[in-house]
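Beneath this line is the structure, given in structure tokens, with notes to follow.
The values are calculated or read from the model by the stated rules, or taken from the named source; none is laboratory data. The structure displayed is predicted, hence computed values, not measured ones. So basically every Cβ, Gly included, is an ideal-geometry build from the backbone, and we count neighbours across all protein chains shown. For accessibility, only protein heavy atoms count, side chains too; no ligands or nucleic acids. Shrake-Rupley method; radii C 1.70, N 1.55, O 1.52, S 1.80 Å.
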Amino acid sequence: MAGIGVKLNKIFQKNTITSDIIGFGYSTVVTIAPMLVVIINILLMRHFLGFLEVLYSTKMLFSCTVLYIFIFALLSASPFNAVLSKYVSDVIYDERYEDILPCYYVGLIMNISLGCLIGIPFCIWEYVVGHIDIMYIFIGFCGYVSLILVFYSMIYLSICKDYQRISLFFFIGMLWAFVESLILHYICGVPTSESMLIALATGFFIIACLEVALIKRYFIANSNRYKPVLRYFKKFWQLVFANFFYILGLYIHNFVFWTTDLKMTVANSFVCAPSYDMATCIAMFTNISASVIFISRVEMHFHERYKDYSEAVIGGKGADIETAKKRMFGQLSNELMNLVRIQFIISVVIFLICVVILPQIGYAGRIMRIYPCVCAGYFILFLMYSAIIFLYYYNDKKGALITSLSFCAVTLILSIIATHLPDIWYGLGVTAGSFTGFTIAYRRLQWIEENIDAHVFCQGSILSKRKSKRPSDMVYKKQKS
């Protein structure tokens, strides 16, 4: 996200309270605003359509449908996003803009295909076993596919640094969804949950259409070179698994508790654990500001140091390279420590507010007993993700893969163990997994600092590489006279 650093520096250099508020607001817009817009829209629809008055089974069916749409849309997109983002970044660097549309089409086919491979069997299960209305299933599936397209297209707009447009598209789509839900319910007489689901699916589809239209506007030429995109998946296969295991690790502890006595089965199809899932949601929002802080500080400070080092490597003296290297890694360490300090203060304040206020509005008992440990886990998780981003900066694919795999595996194992512990320790899995991942990522960054010269200067090859038959072993053959 190297494009927002200049904008943030212009905002913050005024050194006023107003500029600080504007800067934080801008950082929020380019990071978490789309998610907030969707959540606010759902809350508004619930209020104005009288969602709390419908049957409990209907409410749970809608809630589980939306939950599954988001979780599995993210999971189906996770294996492709990192590699495609890498390919597009390299293409833009080489100014081969005509190769971007082939990448978009290949990735779109792969993404939608995997999404349907996951979604269609579940929809059949909903209809055959759950006896859910087929139109309700179809609308939910349309929303699921539309959201996959939304997440996928966001990759290209993010690389183009058009973050404001992304947030604008989400605002337009969710505004349409809110108005449409009112029309469907109060004018057309459609039931509440069906109105909300149709409106959300339509809103996601509008966002996807706006994103696709903007991508086609940016990238007009098409080279029709599709094979290089597929070769990138072979070349950077570590990124496929690194991103997948990270996203899977975000939800795998929830999946574990969906198998315990906390689980609730809805329509013989959906499974969830309301108390644990709610505690997880609150914990995530307690620490979500870490994303905003990380993006703003890294783009304002670290990226400039990284750029200075890269320029020194290209044309600087040995002393200049060494100086730039020390400044870059010093800045990296400072940014991680500053993120820990700032986010710790914010998380403690929000934690205390949640502990005081949430029990008064109905979130008490088991939810609040689970919340503290999960909250600590998500605090470390966001730090781990920041360290993974730094690993991506240095093209440490192996380090990113080991980090995400360790995070996912430890989270799974410790979550299974935590199911046999008192509920105050239910968040042990995500806490231990995040700590393990952060430790490994931090050690990899230290290793990179110690071996950066070999990492940068010894990656090339003097001889050109090509695939062909192995030459003969015969070196010399004596001819008879």
Pulled fully out, how much extra length does the chain show between K263 and V355, if you take 0.36 nm times their separation in residues and subtract their Cα-Cα distance?
30.7 nm
From largest accessible area down, sort Y68, Y56; use a 1.4 Å probe on the protein chains.
Y56, Y68
For the table K235/K469; K86/K398; K234/K307; K317/K398; K59/K263, the rows whose alpha-carbon distance is greater than 23 Å are K234/K307; K317/K398
Extension gain, W447 back to K216 (0.36 nm per residue minus Cα-Cα distance, nm)
79.0 nm
Name the residues whose placed amide hydrogens come within less than 5 Å of the amide hydrogen of V190, ignoring near sequence neighbours (fewer than 5 apart) on the same chain.
H185
In terms of modelled amide H atoms, which long-range or inter-chain residues lie less than 5 Å from the amide H of M264?
C272, A273
Out of every Cα pair in segment 53-125, what percent are spaced more than 20 Å from each other?
49
Computed from these coordinates, which is Kirkwood radius over Cα pairs in Å: (i) 24.0; (ii) 24.7; (iii) 23.3?
(ii)
First measure r as the distance between the Cβ atoms of K326 and C116, then evaluate 1/(1 + (r/R0)^6) with R0 = 45 Å and state the FRET efficiency to the nearest 0.05.
0.35
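Multiplying the sequence separation of V348 and I40 by 0.36 nm and subtracting their Cα-Cα distance, what value in nm do you get? Write out the running numbers ahead of the final one.
Working: separation 308, 0.36 × 308 = 110.88 nm, distance 2.40 nm.
Extra length from V348 to I40 when fully extended: 108.5 nm.
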Using r as the Cβ-Cβ distance of R96 and K398, and R0 as 45 Å, what FRET efficiency do you calculate, to the nearest 0.05?
0.95
Would you kindly find the accessible area of D308, with a 1.4 Å probe and non-protein molecules such as ligands, DNA and RNA excluded, rounding to the nearest 10 Å²?
60
By how many degrees, between 0 and 90 and to the nearest 10, does the Cα long axis of helix 366-393 differ from the longest principal axis of the chain?
20
What's the FRET efficiency of R341 with I389 using the Cβ-Cβ distance as r and R₀ = 22 Å, to the nearest 0.05?
0.75
